[in-house]
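The structure appears right after this line, and notes come after that.
The values are calculated or read from the model by the stated rules, or taken from the named source; none is laboratory data. Note that the structure is predicted; figures quoted are calculated from it, not measured. Positions of Cβ are backbone-derived with ideal geometry, glycine not excepted, and every protein chain shown enters the neighbour counts.
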Amino acid sequence: MCFGIGNFSIIISKLRDLSEWGYVAYFAVTTSLFYLALTMFSVPWYALGYELPSTSDDRTRLQAFVNVFGPVGQIVVAWFHPITQLKIFGDTIEGVRSMGFVAGFVLLVFGLIPAFFVKEPALQEAPRKKNKRKNRSFFRPLFALFFSYLVFLPEVRLGQP
């Protein structure tokens, strides 16, 4: 997660003395690294959001919270560019660099809050499942699938050179 947040601020902090293709390469590499880190963060994040609540009502309440504050973050990010134009920054590039580091720090803090304060519920013993070897309703579709592949796969191969 720290890698993704740091990479976000690196994407924003544009270098001054690169060629045109240098900017394209810089943006392509840093953006690819950012989305790789975002994937590694968001997949467990959303999986935890679905697995952590024990009831359907808690799950719905949690996802409603996520779906309300997600657009709020998008509205805040839309104001980053006008903020970078303020006179407190020397120029736009300094404003972008400063806002990138501020945004990275805020994302880091809010991303680490669940790591420290969300506790996993106690593990409950799962009910015993039926023995699959004796379960005929399990084997019927399995055999049907196996024999359909056994019958149709050679026919498909005969028509190809």
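Residue pairs whose Cβ atoms lie under 9 Å apart, separated by 6 or more positions or on different chains, with the first residue in the range 94-115 and exposed (fewer than 14 other Cβ atoms within 10 Å of the Cβ) and charged (D, E, K, R) and the second at pLDDT 80 or above and part of a helix (DSSP H, G or I), are Glu94/Thr84. Of all residues in the range 34-52, those that are over 14 Å from Ala115 (Cα atoms) have Cβ atoms under 7 Å from Cβ atoms of residues that are of a type in the set (Gly, Ala, Ser) and in a helix (DSSP H, G or I), 6 or more apart or on another chain, in Phe34/Gly4; Ala37/Gly4; Leu38/Gly4. Of the residues making up the range 41-76, those that are exposed (fewer than 10 other Cβ atoms within 10 Å of the Cβ), farther than 21 Å from Ala122 by Cα and of a type in the set (S, T, N, Q) number 2.
If I filter the range 121-130 for residues that are assigned to a helix (DSSP H, G or I), on the phi < 0 side of the Ramachandran plot and not polar (S, T, N, Q), do I get at least one hit? The answer is no; no qualifying residue exists. Tally time: how many residues in the range 40-67 are among the β-branched types (Val, Ile, Thr) and closer than 17 Å to Leu107 by Cα? Counting residues in the range 40-67 that are among the β-branched types (Val, Ile, Thr) and closer than 17 Å to Leu107 by Cα gives 2.
Look at (1) surrounded by 11 or more Cβ atoms within 10 Å (Cβ to Cβ); (2) in a helix (DSSP H, G or I) and you find that Phe89 fails only one, number (2).
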